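Working notes for the structure below.
The values are calculated or read from the model by the stated rules, or taken from the named source; none is laboratory data. The shown structure was predicted, so the numbers you read here are calculated from the model rather than taken from an experiment. Here the Cβ positions follow ideal geometry from the backbone for every residue, glycine too, while neighbour counts run over all protein chains shown. All accessible areas refer to the heavy atoms of the entire protein, side chains included, with ligands and DNA or RNA removed. Shrake-Rupley method; radii C 1.70, N 1.55, O 1.52, S 1.80 Å.
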Amino acid sequence: MSDMGSLQDLRQSRTKSGDAPDRGAAPIVAFDFDGTLTIRDSFTEFLRWRAGPGGWALGLVKLAPALAVYARDRDRGRIKAASVKEFLAGETKTALEAEATQFADTVWDRFIRPDALKVWNDWGERGAHRVIVTASPETTVAPFARRLGAEALLGTPLVFDSEQRVTGAFAGPNCRGLEKVRRLKAAYGEDMVLTAAYGDTSGDREMLAMAQQPGFRVFRQKP
């Protein structure tokens with residue numbers, strides 16, 4: 001869970017028995033981030049932006065063995081971990097958070113889909129609890145989530161060592177597919193009601209399947 005709110009704050013209200021959600025609770029609406037709220041994968045773009053043209057090209061050369069393995073097994077979590085280790089290992093948490101904020105400020109106007117932002121704001125005006133559920137690292141998505149006014153963020157958490165430096169590992173499974181459902185239920189309870197959900201890839205299908213109003217690839221506008 002990101003630091004955008006405590007677990008207690010994020011749970012739907014329960015009856016005293018704890019058997020069912022309070023029907024007066026704010027509706028929960030889940031948005032995938034990359035490709036749904038944005039026009040492309042934010043983590044790849046962040047790494048490219050941070051490394052610069054030369055550093056990015058050199059990093060891809062070093063990642064060639066991992067990319068070859070990915071071409072065979074299509075394990076997104078493994079290739080993402082390899083990318084983190086290559087491009088971010090040793091970076092302090094404070095510095096990474098500052099860079100992520102600068103990146104979000106730099107790309108915002110050309111990165112966020114206008115039609116997705118409209119729907120996001122519409123749900124906000126209706127009093128919905130809007131949660132971003134993403135496979136990207138929480139640390140790099142957090143500045144976008146704060147600027148959007150998200151009530152919560154669930155992503156793939158990075159591991160920091162005792163000196164608060166990136167180790168190159170993740171603290172949990174890649175947040176896609178069934179893991180998105182697991183994370184939502186861990187945050188809001190097994191009997192949570194997901195009013196609506198929006199996504200754009202196969203990694204969002206399980207989350208969309210649990211929503212009363214699923215939206216698959218409904219956002220297409222570019223800034």
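Put simply, of S162, S202 the only residue that is out of contact with any helix residue (DSSP H, G or I) (no Cβ under 8 Å at 6 or more places or on another chain) and either under 26 Å from V107 (Cβ atoms) or of a type in the set (A, V, I, L, M, F, W, C) (or both) is S202. Within region 148-159, restricting attention to residues that are open to solvent by less than 10 Å² (accessible area, probe 1.4 Å) and out of contact with any Cys (no Cβ under 8 Å at 6 or more places or on another chain), the residue that is nearest to F43 (Cα to Cα) is L153.
The set of residues in region 135-147 being surrounded by 23 or more Cβ atoms within 10 Å (Cβ to Cβ) and either over 17 Å from F43 (Cβ atoms) or among the hydrophobic types (A, V, I, L, M, F, W, C) (or both) consists of A135, V141, F144, A145. T106 - would you say it is exposed (fewer than 15 other Cβ atoms within 10 Å of the Cβ) and either out of contact with any Asp or Glu (no Cβ under 7 Å at 6 or more places or on another chain) or of a type in the set (A, V, I, L, M) (or both)? It is true that T106 is exposed (fewer than 15 other Cβ atoms within 10 Å of the Cβ) and either out of contact with any Asp or Glu (no Cβ under 7 Å at 6 or more places or on another chain) or of a type in the set (A, V, I, L, M) (or both). Listed by first and then second residue, the pairs with beta-carbon distance under 7 Å, at least 6 apart or on different chains, first residue in region 95-120 and over 18 Å from G149 (Cβ atoms), second β-branched (V, I, T) and in a helix (DSSP H, G or I), are L96/T139; E97/T139. If the condition is being touching a helix residue (DSSP H, G or I) at 6+ places or on another chain (Cβ under 7 Å) and of a type in the set (V, I, T), then region 70-105 contributes I79, T101. Considering the conditions (1) part of a helix (DSSP H, G or I); (2) open to solvent by 60 Å² or more (accessible area, probe 1.4 Å); (3) hydroxyl-bearing (S, T, Y), S162 is excluded by exactly one of them, (1).
Residues that are open to solvent by 70 Å² or more (accessible area, probe 1.4 Å) and assigned to a helix (DSSP H, G or I) were ranked within region 203-223; the one that is farthest from V29 (Cα to Cα) is R205. Taking the numbered list (1) touching a Gly at 6+ places or on another chain (Cβ under 9 Å); (2) open to solvent by less than 40 Å² (accessible area, probe 1.4 Å); (3) under 21 Å from T201 (Cβ atoms) in turn, A116 passes all entries but (1). Just one of the listed residues (P114, P137) is modelled with pLDDT of 95 or more and closer than 17 Å to Y198 by Cα, and it is P114. In the set (1) among the aromatic types (F, W, Y); (2) closer than 29 Å to E86 by Cα; (3) out of contact with any helix residue (DSSP H, G or I) (no Cβ under 6 Å at 6 or more places or on another chain), the condition left unmet by F144 is number (3).
Just one of the listed residues (I79, I132) is β-branched (V, I, T), closer than 20 Å to G177 by Cβ, open to solvent by less than 30 Å² (accessible area, probe 1.4 Å) and assigned to a helix (DSSP H, G or I), namely I79.
Within region 170-191, the residues that satisfy the criterion of being aliphatic (A, V, I, L, M) and touching a helix residue (DSSP H, G or I) at 6+ places or on another chain (Cβ under 6 Å) are L178, V181, A187. Every residue in region 1-58 that is more than 20 Å from P143 (Cα to Cα), modelled with pLDDT of 50 or more, open to solvent by less than 50 Å² (accessible area, probe 1.4 Å) and not small (G, A, S), please. Within region 1-58, P27, I28, W56 qualify.
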